[in-house]
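J.: Input: one structure, supplied below.
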Amino acid sequence: MIAAVQSVPTPNEVQEAARERAAIDDSTRIPVLTFFAAAVFWLLVGTILAIIASIKLHMPEFLADWSWLTFGRVRPAHLDAVAFGWLFNSCFGTLVWLMARLSRVELRNPAMLLIGAALWNLGTLIGVIMVLAGFSTSVEWLEFPRWVQPILVAGYVPIALWTMLMFRDRREPHVYVTQWYIIGAIFWLPWLYLVATTLLFWFPVRGVTHATILWWFGHNAIGLFFSTIGIGAIYYLIPKVIGRPVHSYYLGLIGFWSFAIFYNWAGTHHLIGGPLPAWLVTVGVIGSMMMFIPVGATAINHHLTMVGHFGKLRTSPTLRFTVFGAMIYTASSFQGSLESLREVNRVTHFTHFTVGHAHLGLYGFFTMVMFGAFYYIVPRLTGWEWYSSRLIRVHFWTTALGILLMFGALTIGGWLQGVDLAYPGPDGKPVPFMEIVAAMKKYLHLRSISGVMILAGHIAFAVLFVLNVLRYGRQRVGPTLLAPESAAEQVPVAVS
Amino acid sequence: MTVGYVVLLGTVTVFGGAALFAFWWAVKTGQFDHPDQQATSIFGPDEPIGMPTDDVLYPSERPAVRPRRTEPLPLLGSRFAHRITEGDWES
C-alpha cells in the first residue's frame, strides 16, 4: 500500500482498496462489537462500584449494613471490574480491529474470538462476584480467587493467538508502529500474568520477594499492556483522522523500543520505603526516570503531528478524545517518573496523591483514548452513525472535567495529607492522625462529585453505543471507507 | 525457591529471546529502513493522505447555508464525502 499512495491511484485501485477495507471491517464486526459491548457493561458496573467506594470514604455509614458492599470489598471489586472488564475488553476489541486493518487481512474463524470473549468475561464475572462475596485474595490487581485465573488464561489464549495469526497472514509487508505496540502487549501480558500468578499463588514466594513480584506485575500490567495499546491506538487514530502521516516515524520507533527497554524496570518504585534492598529500589527509580525518553519522544511526535490540525478538535469526537488522552499520557508519565524520586515519594506514598496519579493514567489517558477508538471503530462496524452529537459532547465534557476534578482534588489533598503525615506540624509535634483524616473530607467530597460526573458521561456513552448497535438514528451514507462516488457506487456495502 | 528460579529464568529466556528475535527480524527485513515512507502505510488509494476520515460530526458548527451537492467533497471525510446533503444531519 506504500507504493499506492505515491502515485495517483486508478479508479480500479480505489475500488479494490475500498472493497478490501470493507471486507476487513465486516470480518471483525461481531467479535469486536462483542468485546466492546462487554466493555461498556463493565464500565458502568465499575463506575457504580467506584462511586459507592468513594462515598464511603467521607460517609462511612453509607450502605454499611450490607457486608457485600463494605469498603474492603467494593474497592477491589471496582478495580477488577474496571481493569478486567472495561480496560481489557476495550483493549481486545481495539487491538483485533487495528491488527486486521494494519495487516490488511480478514479475520478468519471469528467464533474463536467469541469463545475467548465468553471465557474472559465469565472469569471476570465470577471473580467480581467472589470479591464482593468476601473471597478476595487481598493481593492488589490479582484479587480474584486462584481458580478463576485459568478461566482468564483460557480466554486470553484464542484472543492472542488469533491476533498473531492475522499478523502472520498479513498482506501489508511493513509493520506499522501500532503493530509493534500490539505485538509487544500480546507477548508481555502472559509473561507478567503467568509469572505473577505462579509465584504469588501456585508456588508462593514469601516476604520481600512477594511484594517485589506483585509490584513488578502491577506496574507493568498497566504500562506494558494498557499503555501499550493506548499509545498504539493513538499512532493510528490521529494520522487517520487528520489525514496526515505521523510527524516522525523515527521518533515512533525510538519511542517503542525505548519503552520496551525501560518500562519493565520501574515497578519497584512502588516499594520505596519498604524493606527491599536499596539497589533494587534504585533500579526502579532509574527505570522510571529513563521513561522520560520514550514519553518525550511520543509526546513530541504526537504534538508535531497535530500542528496545523488542532481546529479539527472541534469537529471530530475521535480526535478530541484521543488527543486529550495523548496529552494526559504525557502529563501522567512525567508525573509518575517524578513521583518515583525518593524525596517526592516520601510525601506522596500512602496518600490520595497516588490514587490521583493512577486515575490520571488509566482514565485520563487510557480510557479517553479507548473512547476515541470506539467513536472511530463502531460506526465502521455497524454502518450506523452516532445518534446524537449532543450526547457525545455531554460524554466528553463530563468525563474530561470529571477526571480533571478528581485528579486535582486528590493531588492537592494527597500532597497536604502526605506533608502532615511525614512532617511535624507548626508546633513541632506530629499532626494528630484524626485531624489529617478530617482535613481530607472536602477533597473526598470533590472526588465523589467527580465520580458522579464521570458516571453521567458513561451513561451517555452507553446510550450512544446501544443506539448505534441497534441502528437507531441515521444510517451511514454509503460504505464505510469509500471516497470517490464512482467507486462507492460499485463496491458492495459491507454493513448496512 | 527452585520453582521460582525455573519460572523466572525460563520466562526471561523465552520472552527475552522473543524480544531479541523480534528486533533481529525487524532489522533483517528492513522494518527500520525508509521510515518516512513507511509512515504512509496506513493510507491507501481509498483513504489517501490529505483526506481526514472523521471530521463531519457537528452540523451546528458548520456554515448555516451550504449548497446541496452530490459530487465528492475535497478534504472531507471519506465516510460521507460522496453524498452529503443538508438533510443528512438534521435529527
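J.: What FRET efficiency comes out for A:D427 versus A:I449 if R0 is 35 angstrom and r is the Cβ-Cβ distance? Round to the nearest 0.05. Walk me through the numbers on the way to the answer.
T.: Numbers: r = 33 Å, r/R0 = 0.95.
Using R0 = 35 Å, I get an efficiency of 0.55.
J.: While we're on this one: For the stretch A:394-404, what does the Karplus curve 6.51 cos²θ - 1.76 cosθ + 1.60, with θ = phi - 60°, yield as ³J(HN,Hα) per residue in whole Hz, taken in order and with x for Gly and Pro?
T.: 4, 4, 5, 6, 5, 6, 5, 5, x, 6, 5
J.: Which cross-chain or sequence-distant (5 or more) residues have an amide H under 5 Å from the amide H of A:W384, H modelled 1.01 Å from N in plane?
T.: Under 5 Å from the amide H of A:W384: A:R476.
J.: Still on this structure: Find out how many positive minus negative residues lie around A:G46, taking Lys and Arg as positive, Asp and Glu as negative, among other residues whose Cβ is under 13 Å from that of A:G46.
T.: Net charge in that neighbourhood comes out at 0.
J.: Using alpha-carbon positions, what is the distance between the centroids of the stretch A:395-462 and the stretch A:53-119, in Å?
T.: Here the two parts' Cα centres lie 24 Å apart.
J.: Now a separate question. In deg cm²/dmol, rounded to 500, what helix-only [θ] at 222 nm does the protein assembly as shown give when every DSSP H run of at least 4 residues adds -39500 (n - 2.57) and the total is split over its residues?
T.: -21500 deg cm²/dmol
J.: Next question, about the same structure. Explain nothing, just compute: Karplus ³J(HN,Hα) = 6.51 cos²θ - 1.76 cosθ + 1.60, θ = phi - 60°, for every residue of the stretch B:20-25 in order, whole Hz, x for Gly and Pro.
T.: Per residue, the Karplus-derived 3J(HN,Hα) values read 5, 5, 4, 5, 4, 5 Hz.
J.: Moving on. Return P(r) of the stretch A:307-346 (all Cα-Cα pairs; 10 Å bins starting at 0; whole %; ordered from short to long distances).
T.: Over the stretch A:307-346, the share of Cα pairs per 10 Å bin runs 27, 33, 21, 15, 3 percent.
J.: Related question: Where Rh is the Kirkwood radius over the Cα pairs of the stretch A:331-408, the temperature 20 °C and the viscosity 1.002 mPa s, what D in µm²/s does Stokes-Einstein return?
T.: Working: Rh = 14.4 Å.
The estimated diffusion coefficient comes to 149 µm²/s.
J.: Rg(Cα) of the stretch A:198-250 divided by 2.2 N^0.38 Å?
T.: Rounded to two decimals, the normalised Rg is 1.83.
J.: Return an integer: the convex hull volume of the alpha-carbon atoms of the protein assembly as shown, in Å³ per residue.
T.: Working: hull volume 88.7 nm³, N = 587.
Cα-based convex hull of the protein assembly as shown, divided per residue, equals 151 Å³.
J.: Continuing with this model, one more query. What number in nm² do you get for the stretch A:271-422 if you take the convex hull of its Cα atoms and divide its surface by four?
T.: 10.7
J.: About the Cα centre of the protein assembly as shown, what is the dipole size in debye to 20, counting +1 per Lys and Arg Cβ and -1 per Asp and Glu Cβ, all else neutral?
T.: Numbers: 38 positive and 32 negative charges, 66 e Å.
Rounded to the nearest 20 debye, it is 320 debye.
J.: Would you kindly calculate the mean projected area, averaged across all directions, of the convex hull enclosing the Cα atoms of the stretch A:175-308, in square nanometres?
T.: 8.5
J.: Which three extents, in angstrom, do the Cα atoms of the stretch A:33-162 have along their principal axes, listed largest first?
T.: If we take the Cα atoms of the stretch A:33-162, the spans are 55, 26, 19 Å.
J.: Take the eigenvalues of the Cα gyration tensor for the stretch A:117-239, scale each by 5, and report the square roots as semi-axes in whole Å, largest first. Numbers along the way, then the final one.
T.: Values: eigenvalues 175, 57, 35 Å².
The answer is 30, 17, 13 Å, longest axis first.
J.: Let me ask something else. Please compute the modelled spin-label separation between A:A439 and A:V469, points set 7 Å along Cα→Cβ, answer in nm with one decimal.
T.: 4.7
Computed from the coordinates by the stated procedures, all read-outs in this text should not be read as laboratory data. The structure presented is a predicted model; accordingly, all values stated were derived computationally and were not measured. Ideal geometry is used to build each Cβ from the backbone, glycine not excepted, and the neighbour counts take in all protein chains shown.
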